[in-house]
1. For Val218, which sequence-distant residues (separation of 5 or more, or a different chain) have an amide H within less than 5 Å of its own amide H, given hydrogens modelled in the peptide plane?
2. Straight-line reach only, C-alpha to C-alpha below 26 angstrom: list the lysines that Lys16 could link to, leaving out same-chain residues fewer than 8 apart.
3. Taking neighbour Cβ counts within 10 Å as the exposure measure, how do Tyr217, Tyr92 sort from fewest upward?
4. Can you pull out the trypsin sites (Lys or Arg not before Pro) in the range 170-234 whose DSSP state is coil and whose Cβ has at most 12 other Cβ atoms within 10 Å?
5. Please check: in the Gaussian network model of the chain (C-alpha springs, under 10 Å), which one of Gly28, Gly207, Gly223 has the largest mean-square fluctuation.
6. Can you list the aspartates and glutamates whose alpha carbon is less than 16 Å from that of Lys87, not counting same-chain residues fewer than 8 positions off?
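Since every read-out is calculated from the coordinates, none of them should be taken as a lab result. All values derive from a computational prediction rather than experimental measurement. When we count neighbours, we look across all protein chains shown, and the Cβ atoms used for this are built from the backbone with ideal geometry, even at glycine.
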Amino acid sequence: MKEQTLLIDNSNTLTKFTLADADGKLCGERRCLPTARLAPPSVKRLLADWSFEQVILGSVVPTGQDVLQQALSEHPIHVVCGADCPKLLRLYEQPSCVGADRLANAAAVALHYPLPCLAVDLGTACTLDAVVMQEGTPTLLGGAIAPGLQALSQALSQRANLLPKLSWDQLAPAAAGSSLLGRSTVAAMQAGIVRGFDGMLRALVRGIEEELEGKVYVVVTGGDATRGGALPDWADVHDADLTLKGLFALWRHLIC
């Protein structure tokens, strides 16, 4: 049996786990825990029947990172950071401030997709990171960060006293319909949030392409990547494992 490595993507909403062999091939199974409810016992129970030699951790949640390191302390743990990819980040003003998810996404598109490429991660926050080939080196040129769909919805209901909190089902494209003229408070919120969210992403992708003066290959990932049941028409491909692939690539210095 080939050596197994545990890959962990500790993001704001869900923490994802999978195994990779020595060649970076991911196993067919993905396991998840809600990040807010991470605890050493639950992590150990989740992984009890998995065998692995080391752990590669990408985290954007410091408290979650602490819990995971405690739960898996009997294994060597590598926490992904900017030092893993100095060439990829050579133009970035503060490499140490780039989140592990963005690092991993940039590494994965540099390794697996044609450049220039835009990694679009749709989660609690939306991140868009452009990777180009510059002077023969894959380079993270920069990116944009925007609120995710649920963050937009929650911000509106929390700051406006008379506006309700929309359920996840109410934020689905099918529930929102196609009209921008809602005839109820909920319908008006759906039009503004759901259609507005799609418009924001479309404008960001197109604006980045204009800055780069040409077509960019767009890879979409994250929990909201195919929430409408189909690939967004501004994207070229959906890669649910983009971040996990990038964690492995950074650890093995397949892209630096």
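1. Leu118, Asp236, Val237
2. Leaving aside lysines fewer than 8 places away in the same chain, those within reach of Lys16 are Lys2, Lys25, Lys44, Lys245.
3. Tyr217, Tyr92
4. Passing both the DSSP loop test and the Cβ count: Arg183, Lys215.
5. Of the options given, Gly28 has the highest mean-square fluctuation.
6. Output for Lys87: Asp129, Glu135.
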